[in-house]
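Asker: Structure incoming, see below.
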Amino acid sequence: MGPIREALAAAARAVILPAGLPKLTCTGYTPDSVIAPHFFTGEYSLDFDRTFARGTDRAELTCRVLVGRADDAASQQLLDLLLSGSGPASLKEALEAARGGSGEPALGGLANDFHVARVQGYRWYEHQGTTYVGAELTVNIYGDGRS
């Protein structure tokens with residue numbers, strides 16, 4: 001799962017924030033400290049044997065995006081941009097660009113396919129003693145169960 005998590009973080013780096021805002025930092029793991037705004041992959045669940053003979057497994061990966069809260073309204077406006085369904089600041093659009101073309105494997109061959117399924121948990125998060133506004137993105141990943 002580690003290479004998939006790193007590939008998703010790399011895809012998230014394609015986000016383009018409006019001029020004057022700090023660049024989105026991204027990690028494929030839960031960081032000790034955050035340089036906001038920050039995207040990272042977190043916990044996951046794994047469903048084995050979605051098809052017979054170890055044909056397909058499905059992972060549900062929870063990712064988080066945290067934004068600093070120097071100004072509550074501005075922070076939430078930035079988070080809204082990151083959580084939008086499209087546009088240069090959209091995490092969904094940046095991540096799903098790594099799906100590959102029709103018939104191609106996703107994430108450079110690490111998965112058969114994936115999609116950003118849901119945003120949830122839009123709220124205040126505490127991370128290492130600092131409070132951020134943030135949300136969770138649920139990513140469903142499908143891959144060969146034999147590898």
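Readers should treat all values here as calculations from the given coordinates under stated rules, not as data from a laboratory. The shown structure was predicted, so the numbers you read here are calculated from the model rather than taken from an experiment. Virtual Cβ from ideal backbone geometry, glycine too; neighbours counted across all protein chains shown.
Asker: Once the piece of chain linking Ala53 and Thr138 is laid out straight, how much longer is it, given 0.36 nm per residue of separation minus the C-alpha distance between them?
Answerer: Full-extension gain reported as 27.9 nm.
Asker: Next question. Mind computing the radius of gyration and Dmax over the alpha-carbon atoms of the stretch 104-147? Å is fine for both.
Answerer: Rg, Dmax (Cα atoms, Å): 15.3, 43.
Asker: If all Cα-Cα distances of the stretch 34-93 are sorted into 10 Å bins from 0 onward, what percent lands in each bin, rounded to whole numbers?
Answerer: With a bin width of 10 Å, the distribution comes to 20, 35, 24, 15, 6, 0.
Asker: Which value does Rg/Rh take for the stretch 67-123 over its C-alpha atoms, Rh per Kirkwood?
Answerer: 1.11
Asker: Given only helices, namely DSSP H runs of n ≥ 4 each adding -39500 (n - 2.57), what is the per-residue ellipticity at 222 nm of the chain, to the nearest 500 deg cm²/dmol?
Answerer: Only helices count here, giving -5500 deg cm²/dmol.
Asker: Taking the chain as the reference, fit the longest principal axis to its C-alpha atoms, fit the long axis of helix 2-12 to the helix C-alpha atoms, and give the angle between the two in degrees, 0 to 90, nearest 10.
Answerer: 50 degrees
Asker: Let me ask you something else. Could you give log10 I(q)/I(0) at q = 0.16, 0.23, 0.27 Å⁻¹ for the stretch 1-81, computed by the Debye formula over C-alpha point scatterers of equal weight, without solvent?
Answerer: For the requested q values the scattering log ratios are -0.67, -1.08, -1.29.
Asker: State the Cα centre-to-centre distance between the stretch 58-104 and the stretch 20-42 in whole Å.
Answerer: If you average the Cα positions of each part, the centres end up 12 Å apart.
Asker: On to the next question. Sorted by mean Cβ packing within 10 Å, highest first, what order do the peptides 117-124, 8-15 take?
Answerer: In decreasing order of mean packing, 117-124, 8-15 become 8-15, 117-124.
Asker: Something else about it: Arrange the peptides 64-77, 28-41 so that the one whose residues have, on average, the most other Cβ atoms within 10 Å appears first.
Answerer: Result, highest mean Cβ count within 10 Å first: 28-41, 64-77.
Asker: If you don't mind, another one. Taking the Cα atoms of the chain, report the difference between the largest and smallest coordinate on each principal axis, in whole Å and largest first.
Answerer: 53, 31, 21
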